[in-house]
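One structure below.
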Amino acid sequence: MKRIVFFLLTISLLFACAKKEEKKEAYLAKVGDSVITQADFEREIKTLPEFVQKMFEGSSGKEKFLDELVKKELLYKEALKKGLDKDSEYLKKVEDFKKITLVGLLLQREIESKVKVSDQEIKDYYEKNKEKFAPVAQIRASHILVKTEKEAKQILERLRKGENFAQIAKKSSIDTVSAKNGGDLGFLSKGQMDPEFEGAAIKLKIGEISEPVKTKSGYHIIKVTEKKSGPVVELERVKNLISQNLMAEKQKDVFDSYIEGLKKTCKVEINKEALTKLAPLEEEKGMPQGQPEQKEEPKEAPKQGGK
């Protein structure tokens, strides 16, 4: 009986040792007293963008990536030899990394993981805001076209003071065809307009007037008078977008509330006097204060003549 027990005990110990040997991972490379394992290799390569990972596919690619890991380890060991791990700049970067990593972890646990958006919330938002998911098919717009930005700004100022758009268009617009109709261009579909003109017009609400918009024809002051919408996009096609927007709104609300709660437990003081003495950004970058930034002349935009 004793022999059987001893035999069973021996077998179980051998089996346990075998399992431990299986778990012990073979190294891919040794660099001094350090080893690079398969787990190290896989972890490092997963941090790369997918298109970069493809560069290290196949046996030659894997050898190449392993060589990069070896170089990295050699450089790391050399940095330690030179005592760079005690360098003040390095230590500051470590602290910055620790801070941003801990903040990220806190936000993930206290805000992101606690905020959920249900399918019903998505559906309710979609039903209440269907007009947002009906793309603009046509825009009816009027414009005043002039040669220079200075003229456009002067006209914009007159409009802001209450002068009539159509009357100014008749007298001042160099687009003589639309000027006769008070600047009215009629209904325009996507692709009929100059890209800059179209981009500005789509953003305008009905009755709203744009800032000067430059195209190859000159400078436009645009007024949208009507919009025709296309069919409403199906819920399934915008579900993810709605979910992301609702999630962002909820997270912001939770974040703001969370910060207010923290302020009650930790006193915050702002030294406004010191704040006003901070050097302007221009001086910090080596640019004399008050010196205007030089800008490139805007490039000519294609299309859209005196339409």
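The values are calculated or read from the model by the stated rules, or taken from the named source; none is laboratory data. The shown structure was predicted, so the numbers you read here are calculated from the model rather than taken from an experiment. Using ideal geometry, Cβ is built from the backbone for each residue, glycine included, and neighbour counts are taken over all protein chains shown.
The table for this structure:
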{"item": "Selection from region 160-175 of residues that are hydrophobic (A, V, I, L, M, F, W, C) and part of a helix (DSSP H, G or I)", "result": "165, 166, 168, 169"}
{"item": "Condition check for residue 216: within 29 Å of residue 229 (Cα to Cα) and either in contact with a Leu (Cβ under 8 Å, 6 or more places away or on another chain) or not acidic (Asp, Glu) (or both)", "result": "yes"}
{"item": "Helices (runs of 4 or more DSSP H) contained in region 1-85 and holding at least 3 residues modelled with pLDDT under 90", "result": "2-23"}
{"item": "Output for region 117-142, where each listed residue is in contact (Cβ under 8 Å) with a residue 12 or more places away in the chain and of a type in the set (Lys, Arg)", "result": "123, 130, 140"}
{"item": "Filtered residues of region 54-73 (kept if more than 12 Å from residue 41 (Cα to Cα) and either in contact with a Phe, Trp or Tyr (Cβ under 6 Å, 6 or more places away or on another chain) or among the polar types (S, T, N, Q) (or both))", "result": "59, 60"}
{"item": "Residue match in region 236-256 (condition: touching a helix residue (DSSP H, G or I) at 6+ places or on another chain (Cβ under 7 Å), under 14 Å from residue 142 (Cβ atoms) and of a type in the set (Val, Ile, Thr))", "result": "no"}
{"item": "Residue match in region 106-122 (condition: aliphatic (A, V, I, L, M) and over 22 Å from residue 246 (Cα atoms))", "result": "no"}
{"item": "Subset of region 155-176 (residues that are over 17 Å from residue 207 (Cα atoms) and either in contact with a strand residue (DSSP E or B) (Cβ under 9 Å, 6 or more places away or on another chain) or outside the structural domain of residue 204 (by TED's automatic domain parsing) (or both))", "result": "172, 173, 174, 175"}
{"item": "Residues satisfying the stated conditions in region 28-39, i.e. in contact (Cβ under 8 Å) with a residue 24 or more places away in the chain and either among the small types (Gly, Ala, Ser) or within 10 Å of residue 66 (Cα to Cα) (or both)", "result": "28, 29, 32, 34, 36"}
{"item": "Options 152, 201: the member that is part of a helix (DSSP H, G or I), of a type outside the set (D, E, K, R) and modelled with pLDDT of 95 or more", "result": "152"}
{"item": "Count of residues meeting criterion [surrounded by fewer than 13 Cβ atoms within 10 Å (Cβ to Cβ), on the phi > 0 side of the Ramachandran plot and not in a loop (DSSP other than H, G, I, E, B)] in region 204-243", "result": "0"}
{"item": "Given (1) surrounded by 17 or more Cβ atoms within 10 Å (Cβ to Cβ); (2) part of a helix (DSSP H, G or I); (3) not hydroxyl-bearing (Ser, Thr, Tyr), number of the condition residue 157 does not satisfy", "result": "(1)"}
{"item": "Cross-chain or 6+ apart pairs with Cβ under 6 Å, region 143-156 first and on the phi < 0 side of the Ramachandran plot, then charged (D, E, K, R)", "result": "145/175"}
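The rows are residues; the columns are (1) exposed (fewer than 11 other Cβ atoms within 10 Å of the Cβ); (2) over 18 Å from residue 37 (Cα atoms); (3) touching a Lys or Arg at 6+ places or on another chain (Cβ under 9 Å).
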position	(1), (2), (3)
59	yes, no, no
62	no, no, no
67	no, no, no
72	no, no, no
79	no, yes, no
83	yes, yes, no
88	yes, yes, no
92	yes, yes, no
